[in-house]
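Student: The structure that follows is given in the form of structure tokens.
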Amino acid sequence: MPDTLSRPASLGGPNGSGGHRRDGRDGEEGRKRARNFTKGRQVSPAALAQIRGILGDAPRRRDLLIEYLHNLQDRFGHLSADHLAALAQDMRLPMAEVYEVATFYAHFDVVKEGERPPAATTIRVCESLSCQLAGAEALHRALAENADADVRVVKAPCMGACDQAPAVAVGHHQVFQATAESVLADVARKVSGESHPLPAYQDLDGYRAEGGYTVLQEVLSGERTSDGVLDDIDLAGLRGLGGAGFPTGRKWRIVRDQHGEKIMAINADEGEVGTFKDRRFLEDTPHKMLEGILIGAHVVGAKDAYIYLRDEYPEAHTILTRELAKLSGTGLADHCAIHLRRGAGAYICGEESAMIESLEGKRGLPRHRPPYVAQIGLFGRPTLVNNVETLSWIPTILAKGGHWFADQGRRGKKGLRSFSVSGRVKNPGVKLTPAGITVRELIDEFCGGMADGHSFKGYLPGGASGGILPAHMDDLILDFGELEHLGSFVGSHAVVILSDQDSIRDAALNLMRFFEDESCGQCTPCRVGTEKAVKLMRERDWDTELLQELAQVMRDASICGLGQAAPNPLLSCIKWFPEEFEK
């Protein structure tokens, strides 16, 4: 029953006389009009019953809020005001907290009271750079003109399928190299209830048949010591391959040496424009990552590990759900429980502290540092955060030795790198290369050269935030610490190739619009700065002096890397492509 509050007589009745009639007698009319009234929103018994039917006996913990919002969104296609109120009551959370979380994430369709629910089917057309180069704008117009009335067509940020541009999501299923015809055909399949097959991947039996989990067993048995594992990782020169490039062995030692119970968080929410390499690891060889998680958990002493998976990767979610169930029956994961959580469409959650906030069931707002997450992270515990590719290399490095991995590089660099390559090349995709290569080698040796009819003009060495460099800088080493003096960096190794048929100004604007949409809004320099930058960059003649001043404020005052790095594309455009501004 909802909480109620009786109106006391002293607060005034229908005649303004403390609840009494002027003739001195208590009136029935006065008592009726002074009836109890509700505090807050009434909870619909039907909605509450639906919530309890969907959640069943699942624990009502705050950190599961986003998972439960996903359950509702999957079931009803949107989040209604009635269901949000019922969920808040069932989880004993303030309605304001449930609502603020639901409205923060792009993949939740919150329908306010009195609004119409969205169409039964939503088509999301990726508008990020690689898809824009492949004709996403024209595709969006064609779909909007030809879709049925019960289909909604919207633009969406990067979907992690840049090598298959243009990419379109029909519901939760992605259509690669999409045309209006292929997308509408997929809509028809969705309406008919037809399912899509999973990509072929190496399951538990296949992985173990090739020696998988042998290293983990050696670690668990004591045949390999934790110090020996760390020494091998140091020897290999393995670094964090999610973007920051922090030495992996050093990070593991920092977490291991903290007091208290440790925990792990695996960043599988690659949202950087142009990045899709982790998707390949997850959809091809998921057990490499899982073995890496279990080795890391043993070394640092973590009893729980949380995989934060990008919501755009439903196939990977299904694969991991199946394989984790198989793994739990082997005894190999008895020392660490692995939990799978879905993101909900927020690029900011690629930042480790924002990801941790989201794992706790909150809005993905970056935390101020210090303290660092290695000290106080998920649920207040010292937290080891690694990305998918980094962990996937752990079993191979330990099996073959740190020397083997270190010797794979060129020009004095250690190891192997997975580049996500898209744009104007013949063969885009995930390219496994030696560390220390140049963009010219990447294009010619691994991508079959430039696409027919295109001449190399510029490139993004590290996704949206890594800036844009001109073609004459094709001999620079694409690795950590090599591009920073140019106002650029390699980051997550997402390389987008631009040609003589592309406008660098338009590319920079596309990237800034992405940052504007994805800013979490917590700090003014980023929230307002990206908006103002987009407005200025839409002008025919850029006020370059004002843009540079704005960029400096964003770099100096933004809380996290999103706002600090958002100006890189516009600054590099001004610096390296002056011909774009010739009258």
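Student: If each of ALA49 and LEU546 carries a label point 7 Å out from its Cα toward its Cβ, how far apart are those two points in nm?
Tutor: Distance between the two pseudo-spin positions: 6.0 nm.
Student: Pull up the cross-link candidates among the aspartates and glutamates for LYS303, meaning alpha carbon to alpha carbon under 13 Å and not fewer than 8 places away within one chain.
Tutor: By straight Cα distance, LYS303 reaches GLU261, ASP334.
Student: Here's something else I'd like to know. Please report, in whole Å, how far the alpha carbons of region 398-517 spread along each principal axis, starting with the longest.
Tutor: 46, 32, 25
Student: Using alpha-carbon positions, what is the distance between the centroids of region 234-290 and region 132-158, in Å?
Tutor: What the calculation gives is 35 Å, centre to centre.
Student: Taking the Cα atoms of region 300-342, report the difference between the largest and smallest coordinate on each principal axis, in whole Å and largest first.
Tutor: If we take the Cα atoms of region 300-342, the spans are 31, 21, 10 Å.
Student: Further, regarding this structure: Once both axes come from the Cα atoms, what is the angle between helix 504-518 and the longest principal axis of the chain, in degrees from 0 to 90, rounded to 10?
Tutor: Roughly 40 degrees between the two axes.
Student: Another one. Counting only heavy atoms of the protein chains, get the accessible area per residue of the chain (1.4 Å probe) and round it to a whole Å² value. Before the final figure, lay out the partial values.
Tutor: Working: 25010 Å² over 583 residues.
Ligands and nucleic acids excluded, the figure is 43 Å² per residue.
Student: How large, in percent, is the carbon and sulfur part of the accessible surface of the chain at a probe radius of 1.4 Å?
Tutor: Numbers: 11890 of 25010 Å².
Using a 1.4 Å probe with all protein chains present, the chain comes out at 48 percent carbon and sulfur.
Student: Could you check what % of the DSSP bridge pairs in the chain are antiparallel, to the nearest 5? Let's see the in-between values first.
Tutor: Values: 23 of 52 bridges.
Here the share of antiparallel DSSP bridges comes out near 45 percent.
Student: Would you work out the charge dipole size for the chain about its Cα centre, treating the Cβ of every Lys and Arg as +1 and the Cβ of every Asp and Glu as -1, and quote it to the nearest 20 debye?
Tutor: Values: 68 positive and 80 negative charges, 417 e Å.
Computed charge dipole of the chain: roughly 2000 debye.
Student: Hey, can you grab everything whose amide H is under 5 Å from the amide H of MET264? Only 5+ residues off in sequence or another chain; H modelled, so Pro and N-termini drop out.
Tutor: ASP304, ALA305, TYR306, LEU384
Student: Any chance you could get the radius of gyration and Dmax over the Cα atoms of region 156-271, in Å?
Tutor: 21.3, 58
Student: Still on this structure: Over all alpha-carbon pairs of the chain, lay out the pair-distance distribution in 20 Å bins, whole %, shortest bin first.
Tutor: 19, 50, 24, 6, 1
Student: May I ask you to derive the relative contact order of the chain, considering only C-alpha pairs under 8 Å and at least 6 residues apart, and to give it as an integer percent? Before the final figure, lay out each step's value.
Tutor: Values: 1084 pairs, mean separation 67.6, N = 583.
Relative contact order here is 12 percent.
Student: Tell me whether region 278-330 comes out rounded, prolate or oblate; compute the Cα gyration tensor, take square roots of the eigenvalues as a ≥ b ≥ c, and use a/c under 1.5 as the rounded threshold.
Tutor: Since a/c reaches 1.5 and a/b is larger than b/c, the shape of region 278-330 is classed as prolate.
Student: Counting other Cβ atoms within 10 Å of each Cβ, which trypsin sites (Lys or Arg not before Pro) in region 482-555 have at most 13 and sit in a DSSP loop? Each step should come with its number before you reach the end.
Tutor: Working: sites: ARG505, ARG513, ARG527, LYS532, LYS535, ARG538, ARG540, ARG555; in loops: ARG538, ARG540.
Loop-located and lightly packed - ARG538, ARG540.
Student: Looking at the chain, which longest stretch skips every one of the GluC sites (Glu not before Pro) that is in a DSSP loop with at most 11 other Cβ atoms within 10 Å, leaving the sites themselves out? If you can, show how the numbers build up before the last one.
Tutor: Details: sites that count: GLU113, GLU115, GLU194, GLU210, GLU223, GLU539, GLU582.
That gives 224-538 as the longest site-free run.
Student: A follow-up question, please. Compute log10 of I(q)/I(0) for region 85-152 with the Debye formula, placing one identical point scatterer on every Cα and leaving out solvent, at q = 0.12, 0.22 Å⁻¹, to two decimals.
Tutor: -0.51, -0.99
Student: Oh, and also: Which whole-number percentage describes the relative contact order of region 61-172, with Cα contacts under 8 Å and a sequence gap of 6 or more?
Tutor: It comes to 25 percent, rounded to a whole number.
Student: Let me ask something else about it. Give LYS112/LYS362; LYS155/LYS532; LYS251/LYS362; LYS362/LYS535 a once-over and call out the pairs whose C-alpha atoms are over 24 Å from each other. Intermediate values should be presented prior to the final figure.
Tutor: Values: LYS112/LYS362 20 Å; LYS155/LYS532 21 Å; LYS251/LYS362 26 Å; LYS362/LYS535 31 Å.
Where the Cα-Cα span goes over 24 Å, the pairs concerned are LYS251/LYS362; LYS362/LYS535.
Student: Amide H to amide H under 5 Å from ALA156: which residues, 5+ apart in sequence or cross-chain, H placed 1.01 Å off N in plane?
Tutor: Counting only residues 5 or more places away or on other chains, the set is VAL125, CYS126, GLU127.
Student: A further question on this structure: With axes computed from alpha carbons, what is the tilt in degrees of helix 226-236 against the longest principal axis of the chain, rounded to the nearest 10 within 0 to 90?
Tutor: 60
Student: Say the dipole of the chain comes from +1 at the beta carbon of Lys and Arg and -1 at that of Asp and Glu; which of ALA86, ILE468, CYS560 then lies farthest toward its positive end?
Tutor: Of the candidates, ALA86 comes out farthest on the positive side.
Student: From the helices alone, meaning DSSP H stretches of at least four residues, give me the mean residue ellipticity at 222 nm for the chain, per-run term -39500 (n - 2.57), in deg cm²/dmol to the nearest 500. Could you put the intermediate results ahead of the total?
Tutor: On the way: 23 runs with 234 residues, N = 583.
Result for the chain: -12000 deg cm²/dmol, rounded to the nearest 500.
Student: Return one number: the angle in degrees, 0 to 90 and rounded to the nearest 10, between the long axis of the Cα atoms of helix 65-76 and the longest principal axis of the Cα atoms of the chain.
Tutor: Approximately 80 degrees, to the nearest ten.
The values are calculated or read from the model by the stated rules, or taken from the named source; none is laboratory data. A quick note: this is a predicted structure, and the numbers were derived from the prediction, not measured. Don't worry about glycine lacking a Cβ; one is built from the backbone with ideal geometry, like all the others, and counts go over all protein chains shown. What goes into the accessible areas is simple: the full protein's heavy atoms, side chains included, and nothing from ligands, DNA or RNA. Shrake-Rupley method; radii C 1.70, N 1.55, O 1.52, S 1.80 Å.
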